[in-house]
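To start, the structure under review is shown below, and the notes come after it.
Just so you know, all these numbers are worked out from the coordinates, no wet-lab data involved. What you are looking at is a predicted structure, and each value in this text was computed from that prediction instead of being measured. Glycine gets a Cβ as well: all are built from the backbone with ideal geometry, and neighbour counts include every protein chain shown.
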Amino acid sequence: MKRVILLLALIGVLCHSVAQAQLKNSQVKYVVLITIDGLRLEMITEKEMPSPVLKELVGTGTLVERVISVAPAMTYPNHTTLVTGARPIHHGIYYNSPFEGNRKTGVANWYADSIKCPTIWGKAKEHGLITCSLFWPVSTHGKDIDYNVPEYWSIDKNVTLWELLKKSSTPAGILDEIEKETIGRFSDKTCRPGQRNGDVRAAFMAVYLLDKYKPNLTTIHLWSTDHSQHETGTESVETKKSLAAVDYAIGEIIDGLKHAGMLDSTVLVITGDHGFTNVNRSIAPNVWLTEAGLLSSDPGNWKAKFYGAGSTAFLYLKDKNDRKTLDKVRAKLNSLPEEKKGLFRVVERKELEELGCSRDVVIALEPIVGVGVTSIATGEDIIIKKAGKHGYLLPRETTSTIFWGKGIAAGKVLKEMNITDIAPVIMEVLGIDFTAPDGVLHPEILECFEGEIPF
């Protein structure tokens, strides 16, 4: 048995060494990491899905069919995982927006200095590389990003999105430069991140920055697919229109790389952050807390509150050590009719720790497939409404990843990997030593192309 283990270890080392040698020969200078928010495997593989560019990339690259998101399967935690190789327990971004007790200001986890472990941007900068990012979550004021237009918005209704972004993007004046040289004046009507026109214009912005400044590492977030699936479900015409827009945007970026003379030395990583599930109803567990006298409309008057993050409800106590309140919560849950108790499971601290969730959460409720959560605290406790959801703890709505370019295996399909494993591949491609807190390298992805790139 020991000989077998040693042999397998030796094979792994040899594969890694061969992959490194191949990458050196391939002269990879650039990596472009593009996220399609809410990407599902069917969007790539099903014939009726309008994604010709993605389909062509699969034929000449490596497809990972099932990529498991970190828990909860939400945008900000998983985008932070993509640039760190870490789970939320290590990188510190647990949700899209921070838990604020019994109030909601509208702020999100915008700022890059909230990330508690090294990023691929930072490692690239340490090695003298140029970095660029467009509309990436948790990137605002990122000191390791040379050219940065972050995902950021104002909670002040008197400040427009583009006014704020012009002040927050780096270097100063970069958005004025892009307006002048590429797509004309920005406005909330003609270029809004999260909408189809925003994704297409993000591609034009990327083409300009790639051509002029030649960043070695570029991260781009395209997310109209997330908005459409939330509003209209996974199979709607609106979702297909958003997929078509995203696919077109990626095609424009590839064409831009080709025209800039960069494509032959570029690796593309196109990935989702999470998948999606259709739901027909949602539970409102804060209604149960209100009924139990543990939550009120007064921001200062509360003892317990469920934080609805996607399709999971995380229970916070005003006093984390208040066991009496926790007992009351459990009693209320146990008193529910069986038909309501059957819509969710209670997730205890041990499992939450294993998943890397916040240490401040005492328990969580995870609904069954087809059921989501809502944070409302009054009214009906079961809301009947069809929608698209994500954010479960169990890997129900997995996503997919395409690796493509120099040094990447052609026509290969891998069944599964974790989203934490993508950052190690990117750093390996760039020739940078990088220890991901929770990710591992998959050397089977890193094989030289045979023949010419077909674009």
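Picking from Gly356, Pro395, Gly261, whose Cα lies most toward the positive end of the charge dipole for the chain (charges on Cβ: Lys, Arg +1; Asp, Glu -1)? Toward the positive end, the furthest listed residue is Gly356. Here the contact order of the range 278-389, divided by its residue count and restricted to Cα pairs under 8 Å and six or more residues apart, works out to 48 percent.
Lys and Arg at +1, Asp and Glu at -1: add these up for the other residues within a Cβ distance under 9 Å of Asn280 and post the number. Surrounding charge for Asn280 is +3.
Each Cα pair under 8 Å and six or more residues apart adds its separation to the average, and for the chain the resulting relative contact order is 29 percent.
Centroid-to-centroid, using Cα positions, the range 305-348 and the range 160-229 are 41 Å apart.
As a calculated quantity, the FRET efficiency between Lys320 and Val369 at R0 = 41 Å, using C-beta atoms, amounts to about 0.85.
Remark: for residue pairs Lys241/Lys386; Lys303/Lys385; Lys104/Lys324, the C-alpha separation exceeds 22 Å in Lys303/Lys385; Lys104/Lys324. Qualifying GluC sites (Glu not before Pro) in the range 309-418, where qualification requires a DSSP coil assignment and no more than 14 other C-beta atoms within 10 Å, comprise Glu348, Glu380. Which of the three applies to the range 278-389, rounded, prolate or oblate, going by the alpha-carbon gyration tensor with a ≥ b ≥ c and a/c under 1.5 meaning rounded? Oblate is the answer for the range 278-389, as a/c is 1.5 or above yet b/c matches or exceeds a/b.
Expressed as a whole number of Å, what is the distance separating the alpha-carbon centroids of the range 48-120 and the range 368-392? Value for the Cα centre distance between the two parts: 22 Å. Across the options Thr374, Asn216, Asn109, the greatest Cα extent toward the positive end of the charge dipole of the chain (unit charges at beta carbon of Lys, Arg, Asp, Glu) belongs to Thr374. For Lys189, the aspartates and glutamates whose Cα falls under 14 Å of its own Cα, not counting residues fewer than eight places away in the same chain, are Glu163, Asp199.
A simple spin-label model places the labels of His141 and Glu238 3.5 nm from each other, with each point 7 Å out along Cα-to-Cβ.
As a proxy for reagent exposure, Val371, Val329 were ordered by neighbouring Cβ count within 10 angstrom, fewest first; the result is Val371, Val329.
Residue farthest toward the positive end of the dipole of the chain, with Cβ of Lys/Arg at +1 and Asp/Glu at -1: which of Ile130, Leu165, Pro88? Toward the positive end, the furthest listed residue is Pro88. Cross-link partners of Lys212 among lysines, defined as those whose alpha carbon lies under 16 angstrom from its own and excluding same-chain residues fewer than eight positions apart: Lys29, Lys180, Lys258. Note on Glu353 and Asp188: the model spin-label points, each 7 Å out from Cα along the C-beta direction, lie 4.7 nm apart.
Helical runs assigned H by DSSP (4 residues or longer) give the chain a calculated mean residue ellipticity at 222 nm of -10000 deg cm²/dmol, each run adding -39500 (n - 2.57) before division by the residue total.
Computed from the C-beta positions of Arg345 and Asn278 and an R0 of 25 Å, the FRET efficiency is 0.80 to the nearest 0.05. Taking the fewest neighbouring Cβ atoms within 10 Å as the starting point, the ordered list for Ile145, Ile422 is Ile422, Ile145.
The ranking of Ser133, Ser169 from fewest to most other beta carbons within 10 Å of each one's beta carbon is Ser169, Ser133.
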